[in-house]
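The values are calculated or read from the model by the stated rules, or taken from the named source; none is laboratory data. What you see is a predicted model, and the numbers here were worked out from it, not measured in a lab. Quick reminder, even Gly has a Cβ in these numbers, built from the backbone with ideal geometry, and neighbours come from all protein chains shown.
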């Protein structure tokens, strides 16, 4: 029974090429077997023969060497495909995007992080830019502060405390309360036992 693999990496396919080449399997058959197993994600025939040539020359490493090949820039189509994958599943892994879009892990990371502006928060990709709701809320808060300054004057400014901004995406007050309750019980027993 043949079970095609949905996800794959180029390194995985190169390892298969090396293994089959070491058993004496011809290049055409190696490519045919890769195409059967990996379907659309299979390396092209030319790449199979290139890697067989490298292994014949004594190479044993299946990893891509830094600086080898051409530098590629992601196309608009690949960026759009990556955007759709992340929006459909915020927990998608970079390797899944890379394999599906048929680009390297580094290119997938560059598209997701640098081009699309997403970063991981709690194992989910979230947009870095503010939403329209966040922007509207900030304008409301600023307007409220200006109104208070007009009404209260300089005294209002002396009561303002500033600090770094932190956005909390997931907040569970119940678990925080349980933690506080456990701490007070622990310290209460400790103090009661020490005679305080």
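Okay, here's what the table says:
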{"quantity": "Options 28, 15, 68: the member that is modelled with pLDDT under 85, out of contact with any strand residue (DSSP E or B) (no Cβ under 6 Å at 6 or more places or on another chain) and outside the structural domain of residue 118 (by TED's automatic domain parsing)", "calculated": "68"}
{"quantity": "Top-ranked residue of segment 78-104 - restricted to ones that are surrounded by fewer than 17 Cβ atoms within 10 Å (Cβ to Cβ) and touching a strand residue (DSSP E or B) at 6+ places or on another chain (Cβ under 7 Å), ranked as farthest from residue 8 (Cα to Cα)", "calculated": "90"}
{"quantity": "Residues within segment 34-53 that are out of contact with any helix residue (DSSP H, G or I) (no Cβ under 6 Å at 6 or more places or on another chain), surrounded by fewer than 16 Cβ atoms within 10 Å (Cβ to Cβ) and at pLDDT 85 or above, tallied", "calculated": "5"}
